[in-house]
Structure formats: structure tokens, C-alpha cells
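A quick write-up on the structure given underneath.
The values are calculated or read from the model by the stated rules, or taken from the named source; none is laboratory data. Quick caveat, the model's predicted, so the values are computed rather than measured. Glycine gets a Cβ as well: all are built from the backbone with ideal geometry, and neighbour counts include every protein chain shown. SASA here: full protein model, heavy atoms, side chains in, ligands and nucleic acids out. Shrake-Rupley method; radii C 1.70, N 1.55, O 1.52, S 1.80 Å.
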Amino acid sequence: QELLVESGGGLVQTGDSLRLSCAASGRAATTYSMAWFRQAPGKERAFVARITYRGFTDYADSVKGRFTISRDGAKNMIYLQMNSLKAEDTAVYYCATGAGSRITAAQDYDYWGQGTQVTVSS
């Protein structure tokens, strides 16, 4: 049984930083790529960043240069360091894992956490 638990969200101001964490358990989380998605009110869930088991990373254009995804394999943790936060980064952030091949497609991820709210006030 896969279990993903996010933490680290909160209310911050424009320009601030936050680090999100995702604790993963189960075989999939130690085998497949892991990703962060986010969903703002009234919008579809959107890809943010992905890290493969070997540490290769991909980012959405909107967060490149500001966000960094990382993975601690020994602890089964992934992180999302978010710097220079903007109001448009406000969303519920989810970590996910799965065997799908489409990096940015939420449908290709089989397991999801419950989400953590990030609110950036301007």
C-alpha cells in the first residue's frame, strides 16, 4: 500500500520561501519517479516538478529557476524548495508517484497525498 504525506505548507508573503516535504512509503515510491502537482481554486491540477529515481529533474516553465525538487532515498522523502514565491503560486500542493510515462500528466500518477495548502499574499 502506497502512502504519501505532504507537509510544510502555510501562509507567506510575496518573495518569501517555503519548503514542502513528502514522506513516502511503499514500493512504488522507491521505484518510480515522484512529482509535485498543484491545484488552485477553480483550476485543474497542474504539474510543478518531477524527480526520477536516479535524480533527473523536470520543471514547469512557471517555476523554473524558483523551485527545486529533491529526493532523499534513504528517508523516502521528497522536497520542494520554493523561493521567490508569487501570488499565483497559491494552491494546494500534492506529491504523487506512479509508473506512467507522461511526466506532466496527472492521470499517469497512481498514488497521491492529501495535499498541503500554500497561500502567498501580495
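Key figures for this structure:
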{"quantity": "Antiparallel bridge percentage (DSSP; both residues within the chain; nearest 5)", "calculated": "90"}
{"quantity": "LYS43 accessible area, 1.4 Å probe, all protein chains in place, Å² to nearest 10", "calculated": "140"}
{"quantity": "Amide N proximity, region 1-39 versus SER121 label position 7 Å along Cα-to-Cβ, cut-off under 17 Å", "calculated": "9-18"}
{"quantity": "Spread of Cα-to-Cα distances over 10 Å intervals beginning at zero, given as percent, for the chain", "calculated": "15, 51, 29, 5, 0"}
{"quantity": "Surface accessible to a 1.4 Å probe, GLU88 within the full protein complex, Å²", "calculated": "130"}
{"quantity": "Spin-label pair ILE103/SER17, simplified geometry with 7 Å Cα→Cβ offset, distance in nm", "calculated": "2.4"}
{"quantity": "Of GLY15, GLY98, GLY42, the one that fluctuates the most in a GNM where the chain has Cα springs shorter than 10 Å", "calculated": "GLY42"}
{"quantity": "THR30 versus LYS86: modelled label distance in nm, points set 7 Å from Cα along the beta carbon direction", "calculated": "3.9"}
{"quantity": "Debye log10 I(q)/I(0) at q = 0.31 Å⁻¹ for region 68-122, Cα point scatterers", "calculated": "-1.22"}
{"quantity": "Difference of contour (0.36 nm per residue) and Cα-Cα distance, ASN76 to ASP110", "calculated": "10.5 nm"}
{"quantity": "Residue list for region 1-16, given a label point 7 angstrom along the Cα-to-Cβ vector of ALA40 and an amide N cut-off under 19 Å", "calculated": "9-16"}
{"quantity": "Area accessible to solvent at TYR79, 1.4 Å probe radius, in Å²", "calculated": "30"}
{"quantity": "Percent RCO, i.e. relative contact order, over region 23-99, from Cα pairs under 8 Å lying at least 6 residues apart", "calculated": "39"}
{"quantity": "Accessible area (Å², per residue) of the chain, counting only protein heavy atoms and a probe of 1.4 Å", "calculated": "52"}
